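The values are calculated or read from the model by the stated rules, or taken from the named source; none is laboratory data. Being a predicted model, the structure only gives us computed values, none of them experimental. Because the Cβ atoms are built from the backbone with ideal geometry, glycine has one as well, and the counts that use them run over all protein chains shown. What goes into the accessible areas is simple: the full protein's heavy atoms, side chains included, and nothing from ligands, DNA or RNA. Shrake-Rupley method; radii C 1.70, N 1.55, O 1.52, S 1.80 Å.
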Amino acid sequence: MSGFTEAALEKKLAELNSSQQSIQTLSLWLIHHRKHHKIIIKVWFRELKKAKPNRKLTMMYLANDVIQNSKKKGPEFSKEFLSILCKAFHNVTLDPDEKTIVGVQKILKVWEDRNVYSGSDIEEFRKATHHTEHILNTETEPPLKKIKPGFEEKDPDSSPARDPPDPDELIKALQDLENAASSDAAVREEIANLPPEVSDVTLLEKLEDKKAADKLSKQVNEACSLLNNYNSRLQQELEDRKQVAKMLNDYTYTQRSILALSEQKLEEYREKLQKVTRVRNELKSHLQNLPDLTLLPNVTEGLAPLPSAGDLFSHR
């Protein structure tokens, strides 16, 4: 790996994107240079505060990956990060969108479930997000467990707090599966039409001469090549389907979380609308009970007019 300098770290943080590969690659580099953990976390926090709102969550995902994956090699990162995490969570959630709130919620839940930090520390992190605390403490796990069977809710091989896939990437991945090996009817038909001699050892006894044996040998080699190629394609399809399953799981989790938050916001605004409507109705009632000043008698009728400013200061 390349040597560590503060400038190199700043450059890598600037190039960081929300993909799992980008986060994990930089995380491994940081863990490799863990003896510089104090400088790393100082620079990370400085860049976090400077980052645009849509990149702050990615920076938190990086911290999450470093904290969890560095535990086996030493506690340096988890201890040093602890000193600034409250400020970091506060900064990230100053002006959050729904995606950021969901991401922060997932990170805190993972840390709580895996005892990454103590319960009191987790509580302090949540307090640091006081402006979204009512949302972060909303229980959203039960509805998320109703995900269609076949998709794991948590992926043990990677960080559960990763960014959801871009919809266009997900659509393309699903479209690519339409041309996968299992859908290749032509090759499947070719395999089905292979002569029985290539797969039945007992038929070798019927060979009458070397010419027949050479012909069968050629057929067997062609069948092996065909099957090896098809099996490789099926293996690749299996990996692709696993990846798509992870993408669907992440996307579904995020969308359901966002839906829960949207429903909560809708309910809050309905309550506000009811309060405003109630005040409007009460105001109408009060207005109806107020006297009409235009109908009151003219109390100044018959009185001498008020003196002018000139009259008040005139000398006699």
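Yes or no: the stretch 203-211 includes at least one residue that is over 30 Å from V110 (Cβ atoms), in contact (Cβ under 8 Å) with a residue 60 or more places away in the chain, outside any helix (DSSP H, G or I) and not β-branched (V, I, T). Among the residues of the stretch 203-211, not one is over 30 Å from V110 (Cβ atoms), in contact (Cβ under 8 Å) with a residue 60 or more places away in the chain, outside any helix (DSSP H, G or I) and not β-branched (V, I, T), which makes the answer no.
Conditions (1) modelled with pLDDT of 85 or more; (2) under 30 Å from D166 (Cα atoms); (3) of a type in the set (K, R), marked per residue:
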site: S199; (1), (2), (3): no, no, no
site: E222; (1), (2), (3): yes, no, no
site: Y251; (1), (2), (3): no, yes, no
site: K265; (1), (2), (3): no, yes, yes
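Among the conditions (1) surrounded by fewer than 17 Cβ atoms within 10 Å (Cβ to Cβ); (2) in contact with a Leu (Cβ under 8 Å, 6 or more places away or on another chain), the only one that K56 does not satisfy is (1).
Each row is one residue, and each column tells you yes or no for (1) surrounded by 13 or more Cβ atoms within 10 Å (Cβ to Cβ); (2) over 18 Å from the mean Cα position of the chain (by Cα).
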position: S70; (1), (2): yes, yes
position: K79; (1), (2): no, yes
position: I84; (1), (2): yes, yes
position: T93; (1), (2): yes, no
position: P96; (1), (2): yes, no
position: I107; (1), (2): yes, no
position: V110; (1), (2): yes, no
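Only one of the listed residues (E169, E152) is in a loop (DSSP other than H, G, I, E, B), modelled with pLDDT under 85, more than 26 Å from Q264 (Cβ to Cβ) and charged (D, E, K, R). That residue is E152. For the stretch 1-13, a residue qualifies if it is touching a residue at least 24 places away in the same chain (Cβ under 8 Å) and of a type outside the set (D, E), and the qualifying residues are M1, S2, F4, L9, L13.
Inclusion of A161 among residues that are at pLDDT 80 or above and open to solvent by less than 100 Å² (accessible area, probe 1.4 Å) is not warranted. From the set of residues in the stretch 217-266 that are of a type in the set (D, E, K, R) and under 16 Å from the mean Cα position of the chain (by Cα), which is surrounded by the most Cβ atoms within 10 Å (Cβ to Cβ)? Residue satisfying both the conditions and the ranking: D250. Is it true that L290 is under 16 Å from V102 (Cα atoms), over 12 Å from the mean Cα position of the chain (by Cα) and either among the aliphatic types (A, V, I, L, M) or open to solvent by 40 Å² or more (accessible area, probe 1.4 Å) (or both)? Spelling it out, it is not the case that L290 is under 16 Å from V102 (Cα atoms), over 12 Å from the mean Cα position of the chain (by Cα) and either among the aliphatic types (A, V, I, L, M) or open to solvent by 40 Å² or more (accessible area, probe 1.4 Å) (or both).
For (1) open to solvent by less than 60 Å² (accessible area, probe 1.4 Å); (2) among the polar types (S, T, N, Q); (3) without any contact (Cβ under 8 Å) to a residue 60 or more places away in the chain, each residue gets a yes or a no:
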site	(1), (2), (3)
I171	no, no, yes
Q175	no, yes, yes
E178	no, no, yes
A181	yes, no, yes
A185	no, no, yes
E189	no, no, yes
L194	yes, no, yes
S199	no, yes, yes
K215	no, no, yes
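Considering the stretch 201-213, the residues that are among the hydrophobic types (A, V, I, L, M, F, W, C) and over 58 Å from the mean Cα position of the chain (by Cα) include one that is surrounded by the fewest Cβ atoms within 10 Å (Cβ to Cβ), namely L204. Restricting the first member to the stretch 250-277 and to residues that are at negative phi, and the second to residues that are among the hydroxyl-bearing types (S, T, Y), the beta-carbon pairs closer than 6 Å and six or more apart or on different chains are S257/T140; A260/T140. The single condition among (1) open to solvent by less than 70 Å² (accessible area, probe 1.4 Å); (2) within 23 Å of the chain's Cα centre (by Cα); (3) not basic (K, R) that A14 does not satisfy is (1).
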